[in-house]
Amino acid sequence: MSAAVTVAIDRTQVTLRADRLVWWPEQQTLFVSDTHFGKTPSASQPVTDKNSDLVVADSTRAMLAVLTRAIEQLQPRRLIVLGDWLHAGVRASSDCVSQLSQWRQRHMPLAIWLVMGNHDQRYLKLFAQWAFEVIPQSRILEPFILCHDPLASLAVGGAAASGGVRIGGHVHPGVSTPASKAGNRLSPCFWQGSEFLVLPAFGSDTRLAQVRLAPNQIVHWIADGQLTTSFGA
């Protein structure tokens, strides 16, 4: 177990981090996926109409603190968001969006690319205000193909045909582990195959989907600030 694991992907190396981020030192690029800012937590604490905005504001503040620590530590020149920066239904006038605007102002020199996710479609004006470079579907950044849903992208065409390894999110992958069984829940994980790398959801209260690990696939699951690697049979 460790707080970070470096893996080889094609001709490069990336570091998977227990804070659910991926660091690509060769390109000075930080990846994050499925932040779902503005999502009301459904399980971590009781939520009512009266306190829902406060709960979302606290969640936003905590997630931005994690991102800020990574940015200050690594000094990336680019942050790539692999979809679902915002959760569908968040109001442009909300405290969550205000916090995000202030955070963006503090980090304006940082280039931010956003691969559009299914929750992002209605927020193009906000993304323009925040100077995000919006990628409607996918983009090749060798050896990767940036996309929101790597598995759906692979169903359309294999990596060999299009010259890259899909990197994205959308699935919110999780696995059953000794740590997660105690709480009757899944542990978030990075899911790695020869043609894809799926990031865990960065959002603090996103529902996870259990990974069905195939032979030659790997998961790097997160518990207590540590990563543990498990291999498919």
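Every read-out reported here was derived from the displayed coordinates using simple, explicitly stated rules and does not represent laboratory data. None of these values were measured; they are calculated from a predicted model. All Cβ positions, even for glycine, are placed from backbone atoms using ideal geometry, and neighbour counts span all protein chains on display.
Worth a mention:
- Gyration tensor verdict on region 81-230 (Cα atoms; rounded if a/c is under 1.5, prolate if a/b is larger than b/c, oblate otherwise): oblate
- Fully extended contour minus Cα-Cα distance, from Phe231 to Thr15, at 0.36 nm per residue: 76.0 nm
- Estimated FRET transfer efficiency when R0 is 35 angstrom, pair Arg207-Ser2 (beta carbons, to 0.05): 0.85
- Positive-end ranking of Leu67, Leu141, Thr229 along the dipole of the chain, with charges on Cβ about the Cα centre, is headed by Leu67.
- As a proxy for reagent exposure, ranking Thr206, Thr6 by other Cβ atoms within 10 Å from fewest up yields Thr6, Thr206.
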